[in-house]
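Encoded as structure tokens, the structure appears first; notes follow it.
The values are calculated or read from the model by the stated rules, or taken from the named source; none is laboratory data. Note that the structure is a prediction, hence the values are computed from the model and not measured. Glycine also receives a Cβ, built like all others from the backbone with ideal geometry; neighbour counts cover every protein chain displayed.
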Amino acid sequence: MKKEISKSEVIKLLLQVCPSYQTRWEEYVQDNYEIMVEQP
């Protein structure tokens, strides 16, 4: 049985396999979100 990946897990998994993306992700969050709130 396969487990579905939740939306909240996607970035965590991405950063585990591609740590070089961390800086780009942080810049994106800073530029696009005032408060880190999970989007629906």
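Things worth noting here:
- Among residues of segment 13-36 that are under 26 Å from LYS3 (Cβ atoms), those with a Cβ under 9 angstrom from a residue that is not hydrophobic (A, V, I, L, M, F, W, C), sequence gap 6+ or separate chain, pair up as LEU14/TYR21; LEU15/TYR21; LEU15/GLN22.
- Qualifying residue in segment 10-25 (condition: surrounded by 10 or more Cβ atoms within 10 Å (Cβ to Cβ) and at pLDDT below 85): no
- Selection of segment 1-24 for residues being assigned to a loop (DSSP other than H, G, I, E, B) and either β-branched (Val, Ile, Thr) or touching a Pro at 6+ places or on another chain (Cβ under 7 Å) (or both) yields only ILE5.
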